[in-house]
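See below for the structure under consideration.
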């Protein structure tokens, strides 16, 4: 088994990646909005891959984590292109795409763009169409005004005293990639894990995606007391079990 890391040059910026080498199919981790490949779920999957002898690749999108770029200049188009660049240039053969939150949406977009590469999807609190369906309706009046006036609004954050930028470009671009209400032309197996106590992605939203997927083998698991992160030990065990299940289908 090998451990490797590097930087993929794409669109004028370097995308940081890490790989736990092992037997295929390759498991590709797609993180969420403002998340990093060193987050709890990604690290748990890397530890599992090392112990199981499986091939796992994770990376940071443009403007995220260890990758280059200004987060405020990111859009769904750019992050989708990042995912496809990683798929096309760093992987070969069938893929299990594991997407969390926004990464669940990007996993669907990548699967639709590269259908012959998809073995299965594992989606964790998938935030499909989140810019149009979840973010825009939740914006306070002052945010909507700032987006119209300045093109950017800084959303308050416990981790950033200045807040983080939400841009008009992000919201408007996201609408281009809407996949709901479907149908979503993905035929491969899918496993969706969703918290019933998720304040960011309500469980009916994730269920709508499950119902929209065209494939016959779709399993939706509601973790009634689960939050958005689904990073408790029992949640991590469920995610890993779902990955193990689809790998052998």
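Calculate the spin-label point distance for residue 38 paired with residue 142, positioning each point 7 Å from the Cα along the beta-carbon direction, and give it in nanometres.
Simple spin-label model gives 3.3 nm for this pair.
Can you pull the Rg over Rh of the chain, Cα-only, Kirkwood?
That ratio equals 0.95.
For a footprinting-style exposure proxy, rank 109, 209, 30, 236 by other Cβ within 10 Å, fewest first.
Details: 109 23, 209 27, 30 30, 236 18.
Exposure proxy ranking, most exposed first: 236, 109, 209, 30.
With viscosity set to 0.890 mPa s and temperature to 25 °C, compute the Stokes-Einstein D of the stretch 112-249, Rh being the Kirkwood radius across alpha carbon pairs; µm²/s, no decimals.
So the translational diffusion coefficient is about 148 µm²/s.
Taking the beta-carbon count within 10 Å as an exposure proxy, list 26, 91 from fewest neighbours to most.
Listing 26, 91 from fewest to most nearby Cβ atoms yields 91, 26.
Counting only DSSP beta bridges with both residues in the stretch 1-160, what percent are antiparallel, rounded to the nearest 5?
Taking every DSSP beta bridge within the stretch 1-160, about 45 percent pair in antiparallel fashion.
Using Cα pairs under 8 angstrom and six or more residues apart, how large is the relative contact order of the stretch 129-178, in percent?
43
When only Cα pairs under 8 Å and 6 or more residues apart are kept, what is the percent relative contact order across the chain?
17
Between the stretch 71-85 and the stretch 141-199, how many Å separate their Cα centres?
13
Quick one: length gained pulling residue 113 to residue 23 fully straight, 0.36 nm per residue minus the C-alpha distance? Provide the component values of the computation, followed by the final result.
Details: separation 90, 0.36 × 90 = 32.40 nm, distance 2.44 nm.
Full extension from residue 113 to residue 23 adds 30.0 nm.
Could you work out [θ]222 nm for the chain from helices alone, using -39500 (n - 2.57) per DSSP H run of at least four and dividing by all its residues? Round to the nearest 500 deg cm²/dmol.
That comes out to -10000 deg cm²/dmol.
Can you tell me the mean projection area, over all orientations, of the convex hull of the stretch 129-178's alpha carbons? Units nm², please.
3.5
For residue 3 and residue 232, compute 0.36 nm times the residue count separating them, minus their Cα-Cα distance, and round to one decimal in nm.
Extra length available between residue 3 and residue 232 comes to 79.9 nm.
So if the hydrodynamic radius of the stretch 58-187 is defined as the Kirkwood radius over C-alpha pairs, what does Stokes-Einstein give as its diffusion coefficient at 37 °C and 0.692 mPa s, in µm² per second?
Taking Rh from Cα pairs, D becomes 209 µm²/s.
So what is the relative contact order of the stretch 102-228, in percent, for Cα pairs below 8 Å that sit 6 or more residues apart?
RCO, the stretch 102-228: 28 percent.
Just so you know, all these numbers are worked out from the coordinates, no wet-lab data involved. Quick caveat: nothing in here was measured; it's all calculated off a predicted structure. A quick note on method: Cβ atoms are made from the backbone with ideal geometry, for glycine too, and the neighbour counts reach across all protein chains shown.
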